[in-house]
1. How tilted is helix 116-125 with respect to the longest principal axis of the chain? Cα atoms for both, answer in degrees (0 to 90, nearest 10).
2. Take residue 173 and residue 120, extend 7 Å from each Cα along the Cα→Cβ direction, and tell me the distance between the two endpoints in nm.
3. Between residue 32 and residue 161, what is the spin-label point distance in nm, taking each point 7 Å from the Cα along the Cα→C-beta axis?
4. Separation of the range 16-76 and the range 157-205 by C-alpha centroid, Å?
5. Kindly express, to the nearest 10 degrees and within the range 0 to 90, the angle between helix 127-142's C-alpha long axis and the longest C-alpha principal axis of the chain.
6. In Å and whole numbers, how far do the C-alpha atoms of the range 24-134 stretch along each principal axis, longest first?
7. Pull out the extension gain between residue 40 and residue 63, defined as 0.36 nm times the separation in residues minus the alpha carbon to alpha carbon distance; nm, one decimal.
8. Just the number: Rg to Rh for the range 1-72, Cα atoms, Kirkwood Rh, two decimals.
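FYI, it's all coordinate maths here, none of it is from the lab. Predicted model, so just to flag it, every value in this text is computed and none were measured. As a convention, Cβ positions derive from the backbone with ideal geometry for all residues, glycine included, and neighbour counts pool all protein chains shown.
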């Protein structure tokens, strides 16, 4: 597959690219700072641009892209619309070029689905980021593309285990953490095998 990856220089984005290349896919990494990429390979193309700029996103998109993967994150914890703006730009470019598949990494908490004290703390600390991920999710839901939303619990830098749990409603019971490597594995399996179309999946150990 030919995959276009946004948020490619973050922890999960870098893990996804490494796993996707190892699986034989061709990857275009859309980045602002190429030096933050951890992988160099003949099947990795680097596209420099800013996802906040619609023209940059349109230039990176092409009709031969099989799927888009978004690992975009917010630049801080303050009020923001950057995630929803970037998602709108991606969806617009997908429409123009006839690309129909996107897997989007959001966060657990966008649906206020984390129970108890953990949910309360996350809701307070991350309220602005979660609200904008929610706006991005709403844009995806309202679109005609085949989307999947991943909602991981707290991200760690631990190794890939392949033993995480998934939940279509809420989050896996009692789950608090999941490694970026395992989230990347879920994203890759989902896009490679055309899974969870128009579904939002909670992830945790």
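1. Between the helix axis and the principal axis of the chain, the angle is about 50 degrees.
2. 2.2
3. Between residue 32 and residue 161, the simple spin-label model gives 3.4 nm.
4. So the two Cα centres are separated by 21 Å.
5. 60
6. Principal extents (Cα only, largest first): 46, 30, 25 Å.
7. Values: separation 23, 0.36 × 23 = 8.28 nm, distance 2.42 nm.
In short, 5.9 nm is gained.
8. On the way: Rg = 10.9 Å, Rh = 11.9 Å.
On the Cα set of the range 1-72, Rg over Rh gives 0.92.
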